[in-house]
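Undergrad: Structure provided below as structure tokens; questions to follow.
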Amino acid sequence: MTKILHIEASPRGAESKSNEIARAHVEALRQRNGGSQVDTLDLWREPLPEFDGNSAAAKLTFFGVGELSGAKKTAWDRIVEITERFKAADHYVIGAPIWTAAFPIGSSSISTSSRNPVCCSGSIRPRVISAC
């Protein structure tokens, strides 16, 4: 079964035109692929991992600096959880608002955490990305 990660990046929720367009695109993909599984990541309503001191220190443990325990492990576990959602998807659909010369804070936060090379090691399949 095809898996779609639908990223809602607009803070306006149901009132957002970009989210509305993205939802329509997700539905079209589902119909075309015979009922895909959809995982929706709402960047404004889900607690996103912050890339803070604990996260940075956790990342360094993979390079031999310190131990992955306590607050560092908790921070890293959340980053891995989000990253696994990206790795599991065959398609990404991103509903992002148009902001003059900027991206919403959730968009940049999730991109920093999920593209981490330590989390993304292993088998990475090519994916289709649709931005709405």
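Undergrad: Would you mind getting me the FRET efficiency between residue 60 and residue 33? Use the beta-carbon distance for r and R0 = 41 Å, nearest 0.05.
TA: Working: r = 40 Å, r/R0 = 0.98.
Rounded to the nearest 0.05, the efficiency is 0.55.
Undergrad: Of the options 57, 35, 14, report the single residue whose Cα projects farthest towards the positive end of the charge dipole of the range 1-76 (beta-carbon charges: Lys, Arg +1; Asp, Glu -1).
TA: Checking the options against the dipole of the range 1-76, the answer is 35.
Undergrad: Could you calculate the contour length gain from residue 67 to residue 45, that is, 0.36 nm times the residue separation minus the distance between their Cα atoms, to one decimal place in nm? Could the numbers behind the result be given before it?
TA: Working: separation 22, 0.36 × 22 = 7.92 nm, distance 3.14 nm.
Length difference between fully extended and current span is 4.8 nm.
Undergrad: Using a Förster distance of 25 angstrom, determine the FRET efficiency expected from the C-beta separation of residue 21 and residue 85, and round it to 0.05.
TA: Numbers: r = 22 Å, r/R0 = 0.86.
Efficiency, from the Cβ-Cβ distance: 0.70.
Undergrad: Something else: What trypsin sites (Lys or Arg not before Pro) does the range 6-56 have in DSSP loop regions with at most 14 other beta carbons within 10 Å?
TA: Sparse-neighbourhood loop trypsin sites (Lys or Arg not before Pro): 12, 45.
Read-outs throughout are calculated quantities, based only on the coordinates presented, and are distinct from any laboratory measurement. Quick caveat: nothing in here was measured; it's all calculated off a predicted structure. With ideal geometry, Cβ positions are generated from the backbone for all residues, glycine too; neighbour counts draw on all protein chains shown.
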